[in-house]
1. Report D for region 62-135 in µm² per second (integer): Stokes-Einstein, Kirkwood Rh on Cα pairs, 37 °C, 0.692 mPa s.
2. Any idea what log10 I(q)/I(0) is at q = 0.13, 0.14 Å⁻¹ for region 270-332, Debye with uniform C-alpha scatterers and no solvent?
3. Using the C-alpha atoms of the chain, what convex hull volume per residue, in cubic angstrom, is computed?
4. Taking amide H positions as placed in the peptide plane 1.01 Å from N, state which residues far from LEU252 in sequence (5 or more) or on other chains have amide H under 5 Å from it.
5. How large is ³J(HN,Hα), in whole Hz, for each residue of region 198-211 in order, when computed from phi with the Karplus curve 6.51 cos²θ - 1.76 cosθ + 1.60 and θ = phi - 60°, using x for Gly and Pro?
6. For Cα pairs less than 8 Å apart in space and 6+ apart in sequence, what is the mean separation divided by the residue count of region 1-114, i.e. the relative contact order in percent?
7. Given 37 °C and 0.692 mPa s, how large is the Stokes-Einstein diffusion coefficient of region 105-159 in µm²/s, with Rh as the Kirkwood radius over Cα pairs?
8. Just to be sure I understand: if I project the alpha-carbon convex hull of region 162-288 onto a plane and average over all orientations, what area do I get in nm²?
Amino acid sequence: MQQVVYIASPESQQIHVWQLASSGQLTLLQVVDAPGQVQPMVISPNKQHLYVGVRPTFSAISYRIDAQGLLTQVGSASLPGSPTHLSTDRQGRFLFSASYSGETLSVSPIDAEGIVGEPIQQLDGLSGCHSSNIDLENRVLWAPCLKEDRIRLYDVSAEGELSVAAQADLHAVEGAGPRHMDFHPNQRFAYCVNELNSTVDVIELHSVAGNARTVQSLDAMPQGFADTRWAADIHLTPNGRFLYCSDRTASLLSIFQVSEDGSTLTLVGHQPTETQPRGFNIDHRGEFVISAGQKSQHIEVYRIDQESGKLQPLARYAVGQGPMWVSVLALD
């Protein structure tokens, strides 16, 4: 499997494109000058396009991905608010954009050529909307609203229209600040990292009562940590065995083992990482973590121990200024 890593650096308005070797070594392939402060990114399900959100023009930029993973800009469309997080539906027909400052969630069509068009729907009044996360069944969009301490749930129609789901929301504890999510491959559980108290919630998607519910909430920080909690990103290995989340104040990655059924997390340790790790990701083999230091101007690659989930630092690489988003493409 050949893999390519994309790093978004908004302060220098660049995307760095790296080839990821089976050893974990990165080789720089391309540096793209983006038309603005590039922040969130998402790869299309068919692996042929990379979509990025830029500021201050509030736009979604479409890049075509060639056979080597290199990027060529092929489109640009407006967004109703400053893009904080981008995602697509599982078929790659629609782009969802969450805007924290704009308090909006929007839907944009993706045409047959893979290019994002102008928004077709805009939902307003989502206070602190921080991400948009489609479930593995491609039916329900989960939108964590940090300032509301809840995740709003929306049904997604065949035309991409969002409507409030039968279960309209799922509440976190007061002051938690739900931010980013990931889903277990068995489609039974999801995980949400809470920015303001640096906890991770385990969510049972289909309980006996029918509604989703939180079944575990676990502190991600080291015992005795007394500084400001400021969690950011969360990712699960493809096999569902290990979960990681980042905290920017402590500049560390928290490491969790996941029970076989996905219902229970166990904190197994912490890995110091690049300064202010707002974004990181995991490769498609589940062998490496790539962490970006928003204040270090570097990324670092770690090997995942397949028994414990603990991380072994391999190498760090200079990128652009303020790196904050990591996306990984499997070419084969």
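Computed from the coordinates by the stated procedures, all read-outs in this text should not be read as laboratory data. Bear in mind that the values here come from a model prediction, so they are computed numbers and not experimental data.
1. 256
2. Debye intensities relative to I(0), on a log10 scale: -0.32, -0.37.
3. That works out to 118 Å³ per residue.
4. Under 5 Å from the amide H of LEU252: ASP247, THR273.
5. 6, 10, 10, 9, 9, 10, 7, 6, 9, 7, 4, 6, x, 8
6. Values: 270 pairs, mean separation 18.7, N = 114.
With pairs under 8 Å counted, the relative contact order is 16 percent.
7. 267
8. Values: hull surface 34.0 nm².
The number I arrive at for region 162-288 is 8.5 nm².
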